[in-house]
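In what follows, a structure is listed as structure tokens, so that the remarks can point back to it.
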């Protein structure tokens, strides 16, 4: 996205991309501008991104065609008009078919567009049943076994996710077909963190690019870094649906999660049975999963995982996930400590109680997804957490990818606990 194509770059082979990629971060030119640090991607990195772009276009077109072939012909014709902006296809009984698309000139916002399918008339049961049958036939599965307990399924060999809405009797009366695309993402922004062997927690809103970033990390660490990588794929969104993982996770092995209730056990199974050096987890959302992540980290295994949230503050306030950051408890301060803190932060009120971190965080760094080309890096996490607990403010580094340049700038941010 936004690459400077005028830069003179030679075409490189796939072997060159893999063998030379890891050394590129250290070779970037660095300069200061307007209080920020700017890194310039190397010619090889730019060549990588351009070559990757063509591979991505070919892959996305093939995957999109597989999904569109599950739709009635007339509906497919209408959907194809929006294919380059398509985010979701929303189908509900007794309502017109809708596509949810990126705004035409702003990929940070979305809009719903009613399709002219059947002249805009509401969908009936037969329309929805046709699509469910088409998906089942494409996957070679029975319709009554198509959707898992989380009411999700997919199209084999693709990254698309299809979710069902049922009535009280269990009949499917709605479908949300979420488009899964391979895209460049913002991996160059955090490649140095991955190369340093850090455990990384990626935080962001749904649809913010977290899973895309995980997929890139899986491919990079399993092919370039040659690590033993296991992906715990919560809903088959990283490695795609079907038994054969999507090519975009490289040589990483993938453990599917039969029941979302047992994801914490699958995480521990990965460690016990498959000797990974790095585990990649699509979504940690429960206290049990956080506890499993803590156990894994204590065994010296690197973890990269995502969590839904608006940022670090939302994870700190989430009772289920606080353990990922070390866990917190209220402590009573001695007079000298309370006075010293008040003087250090220039407070008129002396606080006799404070929140304290209970143990070392599971992760070394938190990456907040700000947009598809911008992240905030909170590192080292242990020090930043302690700062936040004591003074409710800390430093973050905002990194933005613009063309062939990465801009890094430090900011002070505050939270309310």
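Within the range 372-410, restricting attention to residues that are without any contact (Cβ under 8 Å) to a residue 24 or more places away in the chain and part of a strand (DSSP E or B), the residue that is surrounded by the most Cβ atoms within 10 Å (Cβ to Cβ) is 394.
Does at least one position in the range 280-302 carry a residue that is assigned to a loop (DSSP other than H, G, I, E, B), on the phi > 0 side of the Ramachandran plot and either surrounded by fewer than 20 Cβ atoms within 10 Å (Cβ to Cβ) or in contact (Cβ under 8 Å) with a residue 40 or more places away in the chain (or both)?
Filtering the range 280-302 for residues assigned to a loop (DSSP other than H, G, I, E, B) gives 282-286, 299-301.
Those still in the list that are on the phi > 0 side of the Ramachandran plot too: 300.
Narrowing the set further to residues that are either surrounded by fewer than 20 Cβ atoms within 10 Å (Cβ to Cβ) or in contact (Cβ under 8 Å) with a residue 40 or more places away in the chain (or both) leaves 300.
Yes, the conditions are met somewhere in the range 280-302.
Within the range 202-209, does at least one residue satisfy the condition of being over 14 Å from the mean Cα position of the chain (by Cα), in contact (Cβ under 8 Å) with a residue 24 or more places away in the chain and either surrounded by fewer than 19 Cβ atoms within 10 Å (Cβ to Cβ) or farther than 17 Å from residue 305 by Cα (or both)? For the range 202-209, residues over 14 Å from the mean Cα position of the chain (by Cα), in contact (Cβ under 8 Å) with a residue 24 or more places away in the chain and either surrounded by fewer than 19 Cβ atoms within 10 Å (Cβ to Cβ) or farther than 17 Å from residue 305 by Cα (or both): absent. On inspection, residue 117 fails the criterion of being surrounded by fewer than 14 Cβ atoms within 10 Å (Cβ to Cβ) and in contact (Cβ under 8 Å) with a residue 12 or more places away in the chain. Being at pLDDT 95 or above, surrounded by fewer than 20 Cβ atoms within 10 Å (Cβ to Cβ) and in contact with a helix residue (DSSP H, G or I) (Cβ under 6 Å, 6 or more places away or on another chain) holds for only one residue in 265, 251, and it is 251. The one condition from (1) over 30 Å from residue 101 (Cβ atoms); (2) assigned to a helix (DSSP H, G or I); (3) in contact with a helix residue (DSSP H, G or I) (Cβ under 7 Å, 6 or more places away or on another chain) that residue 213 does not meet is (1).
In this structure, is residue 129 under 25 Å from residue 254 (Cβ atoms), modelled with pLDDT of 95 or more and surrounded by 13 or more Cβ atoms within 10 Å (Cβ to Cβ)? So residue 129 fails the test. Selection of the range 216-228 for residues being touching a strand residue (DSSP E or B) at 6+ places or on another chain (Cβ under 9 Å) and either in a loop (DSSP other than H, G, I, E, B) or crowded, with 23+ Cβ neighbours inside 10 Å (or both) yields 217, 218, 221, 225, 227, 228.
Per the listing 89, 162, the residue uniquely surrounded by 15 or more Cβ atoms within 10 Å (Cβ to Cβ), within 16 Å of residue 76 (Cβ to Cβ), under 28 Å from the mean Cα position of the chain (by Cα) and touching a residue at least 60 places away in the same chain (Cβ under 8 Å) is 89. Listed by position, the strands (runs of 3 or more DSSP E) contained in the range 68-172 that have at least 3 residues being within 25 Å of residue 239 (Cβ to Cβ) are 86-92, 152-154, 161-166.
The values are calculated or read from the model by the stated rules, or taken from the named source; none is laboratory data. Owing to the predicted nature of the structure, the values given are computational and were not obtained by experimental measurement. Note that each Cβ is placed from the backbone with ideal geometry, even for glycine, and that neighbours are counted across all protein chains shown.
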